[in-house]
1. Would you please report the Å³ per residue occupied by the convex hull of the alpha carbon atoms in the protein assembly as shown?
2. Tell me the label-point distance for the pair B:T77, A:R104, using the 7 Å Cα-to-Cβ offset, in nm and rounded to one decimal.
3. Would you work out which of A:T4, B:S84, B:F102 lies farthest towards the positive end of the dipole of the protein assembly as shown, given +1 charges on the beta-carbon of Lys and Arg and -1 on that of Asp and Glu, about the Cα centre?
4. Using bins 10 angstrom wide from zero, how does P(r) for region B:1-69 break down, in % of all Cα pairs?
5. Shielding of A:20-26 by partners, i.e. mean partner chain Cβ atoms within 10 Å per residue?
6. Based on a Kirkwood Rh over C-alpha pairs, give the Stokes-Einstein translational diffusion coefficient of region B:61-112 at 10 °C and viscosity 1.306 mPa s in µm²/s.
7. Which order do the peptides A:89-97, B:12-20 take when ranked by the mean count of other beta-carbon atoms within 10 Å per residue, highest first?
8. Could I have the simple spin-label model distance between B:K57 and A:S41, label points 7 Å from Cα toward Cβ, reported in nm to one decimal?
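Values in this text are rule-based calculations from the coordinates and carry no lab data. Keep in mind it's a predicted model, so treat the numbers as computed, not measured. Neighbour counts are summed over all protein chains in view; Cβ atoms, including those assigned to glycine, are modelled from backbone coordinates with ideal geometry.
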Amino acid sequence: DAKTTQPPSMDCAEGRAANLPCNHSTISGNEYVYWYRQIHSQGPQYIIHGLKNNETNEMASLIITEDRKSSTLILPHATLRDTAVYYCIVRGALNDMRFGAGTRLTVKP
Amino acid sequence: DAGITQSPRHKVTETGTPVTLRCHQTENHRYMYWYRQDPGHGLRLIHYSYGVKDTDKGEVSDGYSVSRSKTEDFLLTLESATSSQTSVYFCAISESAFNEQFFGPGTRLTVL
């Protein structure tokens, strides 16, 4: 079973920020939080990951709460091409990559 | 895009026949993974490799075997395919254990 809980679906207006929440209340100290997305039936695409600190790259920002029990992926200016299923994954071991059902984000014009 | 290919891209086979899927990379990454994805589900890890001839089981390894004789190739074998193994199979690679994984385009396998 996945170690994370995500809403099944969300909508976002084009050009606005998309904030995708993830709950991982049982996370351990050595476990990372990863975000991937999958567009249609393509292979998943890596977005960002972090351990404790907030992270930012050219695609998104990852905000992890101080107690590490939840996190938020932020797409600052969503476009139609960001419509996808977004997976939040907690991983501490090499074979511990469990994707769960993810959040289906729909960006609307 | 990372240099990772999968072959074949589509395959239809019959129950009881052996099937081998190939994952090929040109990135010289140490780690390689096989996942399966079924409708309405996220990906589930089948097997992974942490070096040539070094492999280990994932979450759903029953009915599958793997081999890695060269850095660039990771083979997934279904010794005797069953209908429950109808799925889309994704290969992934990563440079180090906890770096990002890059995924291939997938292989759609149908077992009749």
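1. 116
2. 3.9
3. Checked the options; the winner is B:S84.
4. Going out from 0 Å in 10 Å bins, region B:1-69 shows 16, 49, 32, 3 percent.
5. Average per residue, whole number: 0.
6. D, rounded to a whole number, is 125 µm²/s.
7. Peptide ranking by packing, descending: A:89-97, B:12-20.
8. In this crude label model, B:K57 to A:S41 measures out at 3.0 nm.
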